[in-house]
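Chemist: One structure, pasted below without further comment.
Since every read-out is calculated from the coordinates, none of them should be taken as a lab result. Every value quoted in this text rests on a predicted model; they were computed, and no experiment measured them. Don't worry about glycine lacking a Cβ; one is built from the backbone with ideal geometry, like all the others, and counts go over all protein chains shown.
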Amino acid sequence: MSDKLIIFDTTLRDGEQSPGASMTRDEKLRIARQLERLRVDVIEAGFAASSPGDFEAVKAIAEHVRESTVCSLARANDRDISRAADALKGAARARIHTFIATSPLHMEKKLRMTPEQVHEQARQAVRFARNLCADVEFSPEDGYRSEIDFLCRVLETVIDEGATTINIPDTVGYAIPELYGHFMRSLRERIPNSDKAVWSVHCHNDLGMAVANSLAGVKIGGARQVECTINGLGERAGNCSLEEVVMAVKTRRDHFRLDVGIDTTQIVPASRMVSQTTGFVVQPNKAVVGANAFAHASGIHQDGVLKARDTYEIMRAEDVGWSANKIVLGKLSGRNAFKQRLHDLGIELDSESEVNAAFARFKDLADRKSEIFDEDIIALVGDESVTAEQEHYRLLSLAQHSETGERPHARVTFAVGGVEHRAESDGNGPVDASLKAIESRVRSGAEMLLYSVNAITSGSTESQGEVTVRLQLGGRVVNGVGADPDIVVASAKAYLAALNKLHSNADRVAAQG
């Protein structure tokens, strides 16, 4: 078996299925470029047949990403597979990932198909895909809860038809590490042609064991591909976390004896980009990428680390992209210095007009904030990833008054489709008053599911506040993110960003694998 572990990132497909995590084409492309800098082996760019928007996103990523394999998901039917192949035409390396459910529960209740029908459809789908693309991955959805004799028969057939990767999903996060590892091993031992394909694991985190299950599939089951997402993003409790798998294999190479091609210094920048794009905040105690992952509060720990770092740290913070690096720019800094810092941070903007707009926002921030950190730069670039021409709602100005013993009041001026509107409202606090003022004119009727505040940089009251607002309307859930040194302004930006997403007519069809 190969001593290389393939990292298959599905942040842009499975991760996007988190309620409210839907991304635009440009947002997906920006993250895909970061995944390429991370040196991810395979990027699952989306589900091309699900919507015109997802097709265009897969197509754009296929045309721009040169170093990583670009993959599109497809159900086991000719239409989906053809659509995936069309979207991937511009890819330097393309993969079609087709799937069909194989568990008794899914076949009976969801597909309403007999096992023989599922077997034949899997055969035909892989045969059709193999005629369009040399690299074909097959997944039996809910594979871990499938009957092993039937699963072996299906997998032997699809390998005969040319599937180059076989992925075994624990779709509902039901597996236990030891059992999952032995399940993978049994499949490989019982299927005569198992050596003709790369074996892959795809584990969900419903019981908090996605990473452990994936690593068991690698160590016990012989898998050589792990499907994962940045920050463990995904529907329900999420997916296997890329950063945790990669650092486990690298840190414990003595145990796994495998290599990964990931540039680990790009892990934290990727984490930040995904968090700020989707509005899903990383918990402080999250392994590898959490704000406290390398923090030491205990005096005993601090003393040990100062004497010998490896007394309490098994990884170096710098190795995964953490840095105390402060950007040495201010309001007198020039445009070229700003562009160089964007480059150093791995931020690529598509045009000079975008660079100019980002530089203008930087100058505005520098006038209001004495110290500018890398995190501030990342936030101000991500804060307005949607251009003014694409925005339906846009904040123009905000004034609020809050005094002890008096009810807070806010006046907000914002544009709706290019037309300026003014609104006022009282509220239980300045944030409440501001959002009520906006809603009094917009009348969206959306229900707020989440309001959260996160400091972009720590250790100072000058830190920018990053606000996430999650709205639901008519069964659709969206996140809006806003950043500003003034938390009230950040809140208004986030609310309007969520309204912009609700205003968008982009359709999504969720597929689960």
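Chemist: Using a 10 Å cut-off on Cβ atoms, rank the peptides 466-477, 412-423, 10-21 from the highest mean neighbour count down. Mind showing how you got there, number by number?
Modeler: Values: 466-477: 19.1, 412-423: 15.1, 10-21: 24.7.
Those peptides, ordered most packed to least, come out 10-21, 466-477, 412-423.
Chemist: If you stretched the chain out fully between GLU116 and ALA399, how much longer would it get, using 0.36 nm times the residue separation minus the C-alpha to C-alpha distance? Intermediate values should be presented prior to the final figure.
Modeler: Values: separation 283, 0.36 × 283 = 101.88 nm, distance 6.64 nm.
My answer for the length gained is 95.2 nm.
Chemist: Further question on the same structure: For VAL453 and ILE148, calculate 0.36 nm times their separation in residues minus their Cα-Cα distance, and state this gained length in nm to one decimal.
Modeler: 105.1 nm
Chemist: May I ask for the equivalent-ellipsoid semi-axes of the range 400-450, computed as the square root of five times each C-alpha gyration tensor eigenvalue and listed largest first in whole Å? Let's see the in-between values first.
Modeler: Values: eigenvalues 87, 40, 9 Å².
Ellipsoid half-lengths, sorted descending, are 21, 14, 7 Å.
Chemist: Using just the Cα positions, wrap the range 53-180 in a convex hull and report its mean projected area in square nanometres, one decimal place.
Modeler: Details: hull surface 33.4 nm².
Result: 8.4 nm².
Chemist: Between ALA134 and ARG257, what is the FRET efficiency for a Förster distance of 25 Å, r being their Cβ-Cβ separation, to the nearest 0.05?
Modeler: Details: r = 29 Å, r/R0 = 1.18.
FRET efficiency, ALA134 to ARG257: 0.25.
Chemist: Restricting things to alpha carbons, tell me how big the range 6-278 is in terms of Rg and Dmax, in Å.
Modeler: 17.1, 48
Chemist: Relative contact order for the range 6-278: what percent, with Cα pairs under 8 Å and sequence separation of 6 or more? Numbers along the way, then the final one.
Modeler: Values: 610 pairs, mean separation 52.5, N = 273.
Computed over the range 6-278, the figure is 19 percent.
Chemist: To continue, here is another question. Could you list the residues of the range 190-227 with an amide nitrogen less than 18 Å from a label point located 7 Å from the Cα of ASP160 in the Cα-to-C-beta direction?
Modeler: 190-197
Chemist: Same structure, new question: Could you list the residues of the range 1-36 with an amide nitrogen less than 14 Å from a label point located 7 Å from the Cα of HIS503 in the Cα-to-C-beta direction?
Modeler: The answer is none, because no backbone nitrogen lies closer than 14 Å to the label point.
Chemist: Please list, in chain and number order, the residues 5+ apart from GLN400 or on another chain whose amide H is under 5 Å from its amide H, with Hs placed from the backbone.
Modeler: When sequence neighbours closer than 5 places are left aside, the close amide H contacts are ARG411.
Chemist: Let me ask you something else. Could you work out the Rg to Rh ratio of the range 393-503, with Rh taken as the Kirkwood radius (inverse of the mean 1/r over all Cα pairs)? Don't skip to the answer; put the middle values down first.
Modeler: On the way: Rg = 13.6 Å, Rh = 14.1 Å.
Radius of gyration relative to Kirkwood radius: 0.97.
Chemist: Let me ask something else. Given points 7 Å out from each Cα along the Cα-Cβ axis, report the ARG443 to ARG127 separation in nanometres with one decimal.
Modeler: For ARG443 paired with ARG127, the spin-label model returns 5.9 nm.
Chemist: Which order do PHE55, PHE8 fall in if you start with the one that has the fewest other Cβ atoms within 10 Å?
Modeler: On the way: PHE55 20, PHE8 27.
Result, fewest neighbours first: PHE55, PHE8.
Chemist: Note down the Stokes-Einstein diffusion coefficient of the chain in µm²/s, whole number, using a Kirkwood radius over alpha carbon pairs, 25 °C, and 0.890 mPa s.
Modeler: On the way: Rh = 24.2 Å.
It diffuses with D of about 101 µm²/s by this estimate.
Chemist: Once the Cβ-Cβ distance between ASN336 and ALA287 is put in as r, and R0 is 45 Å, what FRET efficiency do you end up with, to the nearest 0.05?
Modeler: After rounding to 0.05, the efficiency reads 0.75.
Chemist: Which of the peptides 210-217, 79-86, 257-264 is most tightly packed, and how do the rest follow, judged by the mean count of other Cβ atoms within 10 Å per residue? Numbers along the way, then the final one.
Modeler: Values: 210-217: 26.9, 79-86: 20.1, 257-264: 16.4.
Final packing ranking: 210-217, 79-86, 257-264.
Chemist: Under a no-solvent Debye model with one identical scatterer per Cα of the range 388-429, what's log10 I(q)/I(0) at q = 0.27, 0.29 Å⁻¹?
Modeler: Treating every Cα as an identical point scatterer, log10 I(q)/I(0) equals -0.86, -0.92.
Chemist: Taking θ = phi - 60°, what integer Hz values does the Karplus form 6.51 cos²θ - 1.76 cosθ + 1.60 yield along the range 162-178, in sequence order, with x for Gly and Pro?
Modeler: So the Karplus estimates, Gly and Pro as x, are x, 5, 9, 9, 10, 10, 10, x, 9, 4, 10, x, 8, 6, 10, x, 4 Hz.
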